[in-house]
1. State the Cα centre-to-centre distance between the stretch B:40-73 and the stretch A:49-93 in whole Å.
2. Exactly which trypsin sites (Lys or Arg not before Pro) in the stretch B:134-237 are in a DSSP loop and have at most 11 other Cβ atoms within 10 Å?
3. Please compute, for peptide A:163-170, the average count of beta-carbon atoms on other protein chains lying within 10 Å of each residue's beta-carbon.
4. What does the average come to when, for each residue of peptide B:181-192, you count the partner chain Cβ atoms lying within 10 Å of its Cβ?
5. Specify whether the C-alpha gyration tensor of chain B places it in the rounded, prolate or oblate class, a ≥ b ≥ c being the square roots of the eigenvalues: rounded for a/c under 1.5, otherwise prolate if a/b is larger than b/c and oblate if not.
6. Which lysines have a Cα lying under 25 Å from the Cα of B:Lys255, excluding residues fewer than 8 positions away in the same chain?
7. Considering every Cα-Cα pair within the stretch A:102-222, what fraction, in whole percent, is farther apart than 26 Å?
8. Give the average, rounded to an integer, of partner chain Cβ atoms located within 10 angstrom of each Cβ in A:176-183.
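Quick note: the coordinates plus some simple rules give every number you see, no bench work behind them. Bear in mind that the values here come from a model prediction, so they are computed numbers and not experimental data. When we count neighbours, we look across all protein chains shown, and the Cβ atoms used for this are built from the backbone with ideal geometry, even at glycine.
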Amino acid sequence: MDWQAFALSLKLATVTTAILLVVAVPLAALLVLGRSRWLAPLEALAALPLVLPPTVLGFFLLVMLGPRTAVGRGITALLGHPLAFSFSGLVVGSVIYSLPFAVQPLVAGFAAVEPALVDAARLLGATPARLVLSLLVPLARRSLLAAAVLSFLHTMGEFGVVLMLGGDIPGATRTLSIVLYNQVENFDYAAANRTAAILLGLSVVALAAIYLGGRPRGGRRA
Amino acid sequence: MSSRIPKWSLAGLLSLAFLVPVNAQTPLRIAAAADLEPVLPPILDEFRQATGIRAEATFQASAVLATQIQNGAPFDLFLSADLGYPKRLIDAGLADAAGTADSSTPIVYARGTLVLWARKDSHLPPPSLDLLRNPGLKRLAIANPDRAPYGRAAVAALTSLKLYDALKPRLVTAENISQAAQFVDSGNADAGLISLTSALTPRLASGGAYFVVPRDLYPPIEQGAVIVSNTTQRAAAHKLLDYLLSAPVQAQLAKTGLTPVH
């Protein structure tokens, strides 16, 4: 068992989830509360990574943000190294790739909050930040949990982006799903079984936790 | 939401799938090592003009292809970049070299050459063995040594030079030799140990420079071919192998960065 890769995957998933919650909560609130007609394209953009092949994302990050473009040179100057082959590069890729998994549950959760409550809070003079943090987030806490768990698991299982821009560096970009791929390609099916079992077990436990958490005794909540 | 999408647009999208012409003859499917990617397509075109047999190649690291064949991938011919993976398939009873003097040994069709390649606009001096000792070399791309014969040759060369331990933290490992070249070409790695076949492609030849790694630094990259045993097109596969080994095609290989076998 490659514990270094396991730790790296956990770290990548944790950092990605933390960034995603900070980004996705205001974004989802904007999509639910906003009135502008530009919100539809924005929502589509936020959902794009769901249908976008990860290879497209990997290619953009590798070439468009590589050291041969102006943007890429800026990033290289900022980080001291190119995005590719680095942990920070994987974080950027993962945040984009898992964005819909954070945004969509939050949009559903915020939209389910009684509109009368939102109107009342507005009438009482709540700022948008207060509205989101004191009303929407507490009432949609199950959606917040779902967003966090889904983002975390989706990042744990991320493969295509990492394969395209990771460079398989132990401790920096060799994640658990890359280790699994390496083990299969190297005919080490016994080790691959153990790695796959860990990824599978983690996913089942976390998903079961979400669904159990959202199901009070007596039946499913609306 | 679905009510807003006209039904015909979906039907139109689905019908696109049927517009792709389906050819009656099943093409010969070739699993080819990634170093053949710049070399093989024109040869397959000429083969088709000469024989009427259509052949399609899939390029990947040799071990990846071997795994796929082991798991039943529908290939007819396997052109590896080494002898080990085809031999493994022969030993597993999945491939053979029937029709040759020794049917249990892969047929050597070419030898590969390892080069150090870097972009011309690199801030580092042009490729040489000294470049490998240059502290400014932050990232050196190689193919995965566990599954790409050129990657194994790269590690062997670095080990012979006693540079492997020093360079190990700076190595970036690509899936196959084409991706290693692409890591360097896109500017993400400073230099790469790649195949001469990649270095001689128009794009890499014009954008960079290469240095031939001395051949005594790594074991020879002998590239072996085998026929996948449950092929339904054995005769066609043999024809292609004979074509590859013919004098004119071998001479053509020499121009593209492979060493002919005779």
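1. If we compute the Cα centre of each part, the gap is 32 Å.
2. Working: sites: B:Lys138, B:Arg139, B:Arg147, B:Arg152, B:Lys162, B:Arg170, B:Arg203, B:Arg215, B:Arg234; in loops: B:Lys138, B:Arg139, B:Arg147, B:Lys162.
Those satisfying the criteria are B:Lys162.
3. Numbers: counts 3, 4, 4, 4, 13, 7, 7, 3.
Across the residues of A:163-170, the mean count of other-chain Cβ atoms within 10 Å is 6.
4. Numbers: counts 0, 4, 6, 0, 3, 12, 11, 18, 5, 1, 0, 0.
Other-chain Cβ atoms within 10 Å of each residue's Cβ, averaged: 5.
5. On the way: a/c = 1.92, a/b = 1.24, b/c = 1.55.
It comes out oblate by the Cα gyration axes.
6. Here the lysines satisfying the reach criterion relative to B:Lys255 are B:Lys120, B:Lys239.
7. Numbers: 3176 of 7260 pairs.
Distances greater than 26 Å cover 44 percent of the Cα pairs.
8. Values: counts 0, 0, 1, 0, 0, 2, 4, 1.
Partner Cβ neighbours, averaged per residue: 1.
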